[in-house]
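One structure is given below, encoded as C-alpha cells.
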Amino acid sequence: MTQKKVIAVIFGGRSVEHDVSVLSGLQFLEALDPGRYEGLPIYVDPLGQWWTGAPLTRRSRYPLEDAPKDLTQVMLDLATPATGRPQLVAFAKGLMGEKRTTIPFDLMVPAIHGSNGEDGTLQGLLDFAGIPYAGCRTLGASATMNKVFAKKVAAQAGIKVLPELLLTRPKKGEFLDPDTLKEQLHDTFSEIDYPFIVKPCNLGSSVGVGKANDIDGLIAALMTAFRMDSEVIVEPFVANLVEYNIAVRRTADGEIITSAIERPLRDAELLDFKNKYLAGGAPGAPKLDTGPSEGMASLNRVLNPEELTTGQEAFIRDSAAGIFDALGLGGSVRVDYLCNEQGGELWLNEVNTIPGSFAYFLWEAAAEPLSFLALAGEIVEEGFRLSNDRLGETDTATGGATIFTRS
C-alpha cells in the first residue's frame with residue numbers, strides 16, 4: 001500500500017492579509033484528496049509563532065487565544081534529517097527536562113498572502129533549507145510582489161500597463177511636501193490630471209488602495225499607504241472602470257493554460273479590500289465547520305462576461321500566459337486587469353501568485369472545468385516536480401571549489 005504524502009499547508013502570517021490567508025489555507029486543506037494526501041496545518045500567528053494541531057482546521061478556532069493549550073508550537077528544521085524528509089520540531093518541558101519531538105512532512109504549500117509569504121521570503125527560506133514546496137519559486141514570487149518591477153517586465157513583453165510614479169516613505173521627522181509632489185507628478189504624467197490612484201508597491205488584494213481627487217487627498221492617501229509599505233505608487237485613475245481577472249497555470253506536460261475570466265462586481269467606485277473579500281456569498285464555496293467560507297470564492301462576480309470582445313479576451317488570455325511564462329511562475333496564479341468600459345482599453349494591473357482561494361472558482365468555470373480537488377492535486381504534484389528539478393550537488397569537490405582538507 002502506497003503511503004500517503006503529508007502536505008503541510010502554511011497560512012496566516014505577519015501580514016495585513018492574515019485573515020484571508022487563514023481562509024485560503026483551510027480551503028486548500030479541505031480540497032486535498034484524502035485518498036492520496038494527509039493534510040498538516042501550520043498556522044503562523046501575527047507574532048510570527050508557528051503552530052500545528054487538528055483544531056487549526058476549524059474556522060471557528062480563529063482568532064487564537066494566547067498560548068493555546070490544544071495546539072503545538074513548532075519550528076521548521078532547517079537541517080536535512082537523516083530520513084531525508086523535512087520536518088517540524090516541537091519542544092516541551094517534562095520531568096526529565098526538555099523533550100524534542102519531530103513532525104515529518106513531504107511538501108509545503110504556501111497559502112500566506114502578501115508580505116512574508118507571497119513575496120519570496122518564505123520561498124527563499126524553503127529553498128535555503130532544501131524543502132520541497134508548491135507554487136512560484138523565489139524569483140517569480142518576489143518579482144511579482146513588486147508592482148513596478150512586474151509592470152516593467154510586462155511592458156518589455158509588449159503588454160500594456162499604466163504609467164506610475166514611485167514614491168519612497170519619508171524619513172522619520174520628514175514630511176511630504178506638496179510642491180515637490182506636484183513637480184514629481186508633472187515630470188511623470190506631463191499634466192496633473194486628477195484623480196489619481198494610490199497603492200502600496202509591495203502588497204496585493206487591494207489593501208491600502210486609495211483615490212485622490214486633489215493634492216490634500218493625495219497626501220492623505222500616501223500617508224495611509226506608507227503605513228503598510230515603504231514604497232508607494234501613484235497611477236492615473238481609469239475612468240468608467242471595470243476589472244477583469246483570469247487564472248493561469250502550467251499543465252504536467254508544460255502547456256500554459258488559462259481559466260474562465262471574471263468581472264468582479266462592487267458597490268463602490270473602487271474594488272477595495274472590503275468589496276473584494278467581504279462582499280457576496282456566492283453558492284459553491286467550500287463549506288467549513290461554521291458555514292460557507294468568505295474570501296475570493298464568495299465575491300459577487302460575473303463569470304465569462306459577454307461584453308468582452310474577441311480581441312479583448314485574446315489580449316487578456318495571451319498577456320496573462322505571457323507574463324506567467326516571462327517570470328517562470330507556477331501554481332495557480334491570478335492576473336488582474338483594468339478596463340475603461342466606454343473605450344474598451346485594457347491594462348495589466350497586477351499579478352497575484354497566491355490568489356485568494358487559489359482562484360479555484362475560475363478553474364471550475366473554465367472551458368475544461370477543473371474541480372478544487374483536482375486543482376489542489378495539480379498544485380501539489382507540480383510542487384514536487386519543480387522542487388526535484390532544482391536539486392543539485394552541493395559538495396565543494398563537485399564544483400572544484402575545495403580549499404580545506406577533508407578526511
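For the reader, a short list of remarks on this structure follows.
- The listed residues are Leu23, Leu88, and the only one of them that is in contact (Cβ under 8 Å) with a residue 24 or more places away in the chain, under 19 Å from Phe105 (Cβ atoms), of a type in the set (A, V, I, L, M) and not assigned by TED's automatic domain parsing to the domain that holds Pro355 turns out to be Leu88.
- Hits in the stretch 324-347 - residues which are touching a strand residue (DSSP E or B) at 6+ places or on another chain (Cβ under 6 Å) and closer than 24 Å to Ile112 by Cβ: Phe324, Ser332, Val333, Arg334, Val335, Asp336
- Take the conditions (1) free of Cβ contacts under 8 Å to residues at least 60 places away in the same chain; (2) under 29 Å from Gly117 (Cα atoms); (3) outside the structural domain of Ala320 (by TED's automatic domain parsing); (4) among the hydrophobic types (A, V, I, L, M, F, W, C); Phe149 misses just one of them, which is (3).
- Residue within the stretch 60-83 that is modelled with pLDDT of 95 or more and loosely packed, with under 15 Cβ neighbours inside 10 Å present: yes
- When residues in the stretch 58-76 are screened for being under 28 Å from Ala129 (Cα atoms) and touching a residue at least 40 places away in the same chain (Cβ under 8 Å), 1 of them pass.
- Here Lys274 clears all of (1) in a helix (DSSP H, G or I); (2) modelled with pLDDT of 55 or more except the condition numbered (2).
- Summed over the stretch 133-177, the residues that are of a type in the set (Lys, Arg), surrounded by fewer than 20 Cβ atoms within 10 Å (Cβ to Cβ) and more than 16 Å from Phe226 (Cα to Cα) give a count of 2.
- Every listed requirement among (1) over 13 Å from Val232 (Cα atoms); (2) touching a helix residue (DSSP H, G or I) at 6+ places or on another chain (Cβ under 8 Å); (3) not in a helix (DSSP H, G or I) is met by Lys171 save one, (2).
- Failed item in (1) farther than 21 Å from Pro110 by Cβ; (2) part of a helix (DSSP H, G or I); (3) modelled with pLDDT under 95, with Ala321 passing the rest: (3)
- Counted residues, the stretch 46-65 - those being within 21 Å of Thr101 (Cα to Cα) and either in a loop (DSSP other than H, G, I, E, B) or not assigned by TED's automatic domain parsing to the domain that holds Pro110 (or both): 3
- Scanning the stretch 317-368 for residues that are surrounded by 20 or more Cβ atoms within 10 Å (Cβ to Cβ), within 14 Å of Pro264 (Cβ to Cβ) and among the hydrophobic types (A, V, I, L, M, F, W, C) yields Val335, Leu338, Cys339, Ala359, Phe361, Leu362.
- So Arg36, is it more than 11 Å from Ile10 (Cα to Cα) and at pLDDT below 95: no
- Some residue of the stretch 199-219 being outside the structural domain of Pro264 (by TED's automatic domain parsing), within 27 Å of Gly114 (Cβ to Cβ) and among the basic types (Lys, Arg): yes
- Note on the stretch 386-407: residues that are without any contact (Cβ under 8 Å) to a residue 60 or more places away in the chain and surrounded by 15 or more Cβ atoms within 10 Å (Cβ to Cβ) amount to 0.
- Among the residues listed as Pro68, Pro81, Pro104, Pro110, the single one being within 23 Å of the chain's Cα centre (by Cα) and assigned by TED's automatic domain parsing to the domain that holds Asp19: Pro110
- Test: residue in the stretch 121-133 that is over 18 Å from His18 (Cα atoms), assigned by TED's automatic domain parsing to the domain that holds His18, in a helix (DSSP H, G or I) and touching a Phe, Trp or Tyr at 6+ places or on another chain (Cβ under 7 Å): yes
- Qualifying residue in the stretch 58-65 (condition: of a type in the set (Asp, Glu) and closer than 22 Å to Thr138 by Cβ): no
The values are calculated or read from the model by the stated rules, or taken from the named source; none is laboratory data. These numbers were taken from a predicted model, which means no experiment stands behind them. Heads up, the Cβs are rebuilt from the backbone with ideal geometry, glycines too, and the neighbour counts pull from every protein chain shown.
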